[in-house]
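Working notes for the structure below.
The values are calculated or read from the model by the stated rules, or taken from the named source; none is laboratory data. Source: prediction; values computed, not measured. No Cβ is skipped: glycine too gets one built from the backbone with ideal geometry, and neighbour counts run over all protein chains shown.
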Amino acid sequence: MKRRLLFFFSFFILLTACQKEPVHNPVEPTPVPQEETFTFSVDSLSSMSLLEKVSQMVFVRGESLNATLTPEELKNYTSHPLRYVTNVIRESQKEYPAGGVVLFAHNITGPFQLSDLCRQIHSLKDFPLVCIDEEGGTVARIARNSAFGISNFSSCYDIGNYGDKVRVESAADNIGSYLYKYGIDVDFAPVADVFTNPENTVIGKRAFSSDPVIAGDMALTFYDALKKNGIQGCYKHFPGHGDTSTDSHYGYAETLKTWKEMLDCEMIPFKKGIDGGVSMIMTAHISAPQVTGESTPATLSKAILTDKLRGELGFNGIIITDAMEMGAISNMYGVPEACVLSILAGSDIVLMPLDYRKAVDAIVAAVKTGRIPEERIDQSVRKILKLKEKAIARYL
């Protein structure tokens, strides 16, 4: 019976691959074949090896799943785009079962291909969550692809700065609807930064407003609309990247504000989100020397993530780092060691270390030497497994 099911499943993949991509709304995502689904719950934690648990805490760029790519090829990832799952990837995931996979524009050619890629990723060991940056405006991996025929808007600032919740909710409802249809689980949105520095190029009009109260209202409206559509949203970038004059994608970035100044501005959207039930927050690789007394990026700072975000602001959800391949981390630290430092600082998920197997090995070694308590790993993995339980439910 299984052979017959596999035959028809393979035939379906071949058939859909040959069809012309439509330019309008997609069909509902194809359910993951039952024989390939790894169904599990939080109770699975007790049966997982240390390496399996740590792997759940690493979310990767799709190309990193291909163990045959060299470090140089991984850096030139757009030349080797992940657009379908190979047997090499399937075997690699069995050994290092990454907790999630992040898709970018170069991974997406059209509706059928995206829906099928999400299904293939979900069918890998431990059901990796499929993640994307779909903020709308300039950061929209799907809506900016003409093959989808999806309406987009110019920027979050343009739809949010006047405090029009109806307009923001409508935009986010549209985004959440099509993300769900294609099989996306996590949207790294909304931006909860406040656009206070006109020289800021990394955030700019990705933020909803230069007014922290409006930015907070619009961010929560956006997040709730995603949640209503079954999509896990993610506030970013803590403790606020909207006042910096440099871009952490390329190197060192800092804010010179004191904590009191940040409480009166940058923290307003984050506090509103936490009070409103936001369950995932992304860190920024920016330093806040007037807060911590040092130049360590927030992503690696226990003072920022544990003392401020968890302690003072009371956030108990998932803390995910910004991409660890970004210059503010990779130019200053060895990425595997930075992943260890981030977990020690309070992160639950480390995002996109280029060679994630080295990152996993470094974290495992830190646990075995007692540098990171295994219970600390278990705390994070429980949160991730709970998130996966919700995502899996739509396929059962």
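Below are the figures for this structure:
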quantity	calculated
Qualifying residues in region 339-349 (those that are within 18 Å of the chain's Cα centre (by Cα) and not hydroxyl-bearing (Ser, Thr, Tyr)) - the one farthest from LEU387 (Cα to Cα)	CYS339
Tabulated pairs, region 120-144, first of a type in the set (Ser, Thr, Tyr), second outside any loop (DSSP other than H, G, I, E, B), C-beta under 7 angstrom, 6+ apart or interchain	THR138/ARG206
Lone unmet requirement of (1) over 30 Å from ASP43 (Cα atoms); (2) part of a helix (DSSP H, G or I); (3) not polar (S, T, N, Q) for HIS285	(2)
Flag for ASN200 being over 17 Å from the mean Cα position of the chain (by Cα), at pLDDT below 95, surrounded by fewer than 24 Cβ atoms within 10 Å (Cβ to Cβ) and at negative phi	yes
Residue that is surrounded by the fewest Cβ atoms within 10 Å (Cβ to Cβ) [pool: residues in region 364-391 that are over 19 Å from SER47 (Cα atoms) and touching a residue at least 60 places away in the same chain (Cβ under 8 Å)]	LYS390
Breaking point among (1) among the charged types (D, E, K, R); (2) modelled with pLDDT under 95; (3) under 27 Å from PRO190 (Cβ atoms), for ASP348	(2)
Neighbours by Cβ (under 8 Å, 6+ apart or cross-chain): first from region 72-87, under 16 Å from TYR356 (Cβ atoms) and of a type in the set (Asp, Glu); second part of a loop (DSSP other than H, G, I, E, B) and at pLDDT 90 or above	GLU73/HIS80
Some residue of region 135-152 being over 19 Å from the mean Cα position of the chain (by Cα), at pLDDT below 95 and farther than 22 Å from VAL102 by Cα	yes
Answer from ILE281, ILE268, ILE274, ILE286 - the residue that is at pLDDT below 95 and not small (Gly, Ala, Ser)	ILE286
Subset of region 302-334 [in contact with a Lys or Arg (Cβ under 9 Å, 6 or more places away or on another chain) and under 15 Å from ALA345 (Cα atoms)]	ASN316, GLY317, ILE318, ILE319, ILE320, ASP322
Test: LEU50 is modelled with pLDDT of 95 or more and more than 22 Å from the chain's Cα centre (by Cα)	yes
